[in-house]
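Engineer: One structure, pasted below without further comment.
The values are calculated or read from the model by the stated rules, or taken from the named source; none is laboratory data. The structure displayed is predicted, hence computed values, not measured ones. Every residue, glycine among them, receives a Cβ derived from its backbone with ideal geometry; neighbour counts consider all protein chains shown. When the accessible area is computed, the model is the full protein with side chains, heavy atoms only, and any ligands, DNA or RNA have been set aside. Shrake-Rupley method; radii C 1.70, N 1.55, O 1.52, S 1.80 Å.
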Amino acid sequence: MSVTESRTAVEHYAARVDAVLAQRTRLRGMHPGGDLFGGLPVDHPILKSDPLRPLDPNLEVIASQIKSDDVVVDVGGGAGRVSLPLALRCREVINVEPSESMGAGFISNAERAGIDNVRIVTGDWLEVDSPEGTVALVNHVTYLTREIVPFIKKLEEACSRRVIITGNSPPPPFWNSELYRLLHGEEEEMVPGHVELVNVLWELGILPDIYVLPLPVASPVVTESTREAAVQGAIGRFLGDQWSFWPLADEHHQCIREVLESRFDELFTTCSRGFTPRWITPGREILITWQPSIR
Ligand SMILES: C[S@@+](CC[C@H](N)C(=O)[O-])C[C@H]1O[C@@H](n2cnc3c(N)ncnc32)[C@H](O)[C@@H]1O
């Protein structure tokens, strides 16, 4: 690409999102829309978490940014994996979340832990009346956020003290790119990650602090004790990592199973505990934070 054709960081970000969505739509058909997590059982790990669990090293770093009198606006807070433990350490948590099933998970996770300083605003961040807080928190939401500039500006308007965004490098929607290639016969388009996001921030005149946290956001490399469990687990995680459980047609289900079974010894390592996927690079979680300039 020549210099005159080069894109701004904001245009590049939108182009990445467009490329991912166009590829998935072409290969899998239109996403059905609606509640992206609606088909999941209530005890699915993405909907159920224990706010009273000990903080892992990454959550320790996030929690170290939170003060006891903070009101945390958790944008796309899901079922409260991050913000419910923080609710035990701050004044209030407000979760702005479009998915009803994530919202229901958030409330039941809070109730089970006896947490009552939390509430939900149901809706898309770009559409809701923004609550006011001191900290705007965004964990693993920005990978397909095409309108990234209004999204960021609204974060700055919503909080007086700090914006905190996390994402994983590589982004979880790209963790299974090798399986994607084997299934669909082409390289997977990669969602924008922390580099693209930081370039957008720089373009907006924001110079954030950037921390590489000790661990990946979750452990996508799971060892299963049987070959069948390893295949089933890989199919399940493939669907989840493809963001919002984009449905897989029956023939694709069949095809991914055939790929995993026929190439099992190439795709999995074997040890005394069982079978572990080889193709995933979990990487590390990245934390991006700055003091908002607006209020
Ligand atoms: C991968 S989940 C992450 C949930 C939670 N932040 C965590 O880290 O466990 C992404 C969440 O972002 C929400 N989300 C996606 N786009 C959003 C938007 N424009 N406004 C608010 N939430 C959004 C989804 O509904 C989903 O709950």
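Engineer: Just for the stretch 129-150: of the residues that are hydrophobic (A, V, I, L, M, F, W, C) and in contact with a strand residue (DSSP E or B) (Cβ under 8 Å, 6 or more places away or on another chain), which one is nearest to Q23 (Cα to Cα)?
Structural biologist: V141
Engineer: Continuing with the same structure: Consider the stretch 162-201. How many of its residues are out of contact with any Ser or Thr (no Cβ under 7 Å at 6 or more places or on another chain) and within 18 Å of L260 (Cβ to Cβ)?
Structural biologist: Within the stretch 162-201, residues that are out of contact with any Ser or Thr (no Cβ under 7 Å at 6 or more places or on another chain) and within 18 Å of L260 (Cβ to Cβ) number 11.
Engineer: For the structure I just gave you, tell me whether S83 is within 18 Å of the chain's Cα centre (by Cα) and within 16 Å of V118 (Cβ to Cβ).
Structural biologist: The answer is yes for S83.
Engineer: A further question follows. For V221, which of the numbered conditions (1) of a type outside the set (S, T, N, Q); (2) touching a residue at least 12 places away in the same chain (Cβ under 8 Å); (3) in a loop (DSSP other than H, G, I, E, B); (4) in contact with a helix residue (DSSP H, G or I) (Cβ under 9 Å, 6 or more places away or on another chain) fails to hold?
Structural biologist: (4)
Engineer: Identify, please: which residue in the stretch 50-67 is more than 19 Å from the chain's Cα centre (by Cα) and without any contact (Cβ under 8 Å) to a residue 24 or more places away in the chain and is, among those, farthest from N109 (Cα to Cα)?
Structural biologist: Step by step, filter the stretch 50-67, then rank; the result is S64.
Engineer: What pairs come up if the first residue lies in the stretch 173-191 and is at negative phi, the second is open to solvent by 60 Å² or more (accessible area, probe 1.4 Å) and part of a helix (DSSP H, G or I), and their beta carbons are under 7 Å apart, counting only those six or more places apart or on different chains?
Structural biologist: Between residues of the stretch 173-191 that are at negative phi and residues that are open to solvent by 60 Å² or more (accessible area, probe 1.4 Å) and part of a helix (DSSP H, G or I), the close pairs are E187/R181; E188/R181.
Engineer: Continuing with the same structure: Give me the pairs: first residue in the stretch 96-116 and free of Cβ contacts under 8 Å to residues at least 24 places away in the same chain, second residue open to solvent by less than 60 Å² (accessible area, probe 1.4 Å) and among the small types (G, A, S), beta-carbon distance under 8 Å, and six or more apart or on different chains, which are they?
Structural biologist: Once the first residue is free of Cβ contacts under 8 Å to residues at least 24 places away in the same chain and sits in the stretch 96-116, its partners that are open to solvent by less than 60 Å² (accessible area, probe 1.4 Å) and among the small types (G, A, S) give D116/A110.
Engineer: In the stretch 275-295, which residues are open to solvent by 100 Å² or more (accessible area, probe 1.4 Å) and of a type outside the set (D, E, K, R)?
Structural biologist: Q291
Engineer: All but one of (1) part of a loop (DSSP other than H, G, I, E, B); (2) open to solvent by less than 40 Å² (accessible area, probe 1.4 Å) hold for A14; which doesn't?
Structural biologist: Unmet for A14, out of (1) part of a loop (DSSP other than H, G, I, E, B); (2) open to solvent by less than 40 Å² (accessible area, probe 1.4 Å): (1).
Engineer: Would you point out the residue of the stretch 253-274, among those that are open to solvent by less than 30 Å² (accessible area, probe 1.4 Å) and either in contact with an Asp or Glu (Cβ under 7 Å, 6 or more places away or on another chain) or in a helix (DSSP H, G or I) (or both), that is nearest to W175 (Cα to Cα)?
Structural biologist: L267
Engineer: Please go through the stretch 22-53 and pick out each residue that is charged (D, E, K, R) and either open to solvent by 70 Å² or more (accessible area, probe 1.4 Å) or under 15 Å from L84 (Cβ atoms) (or both).
Structural biologist: R26, D43, K48, D50, R53
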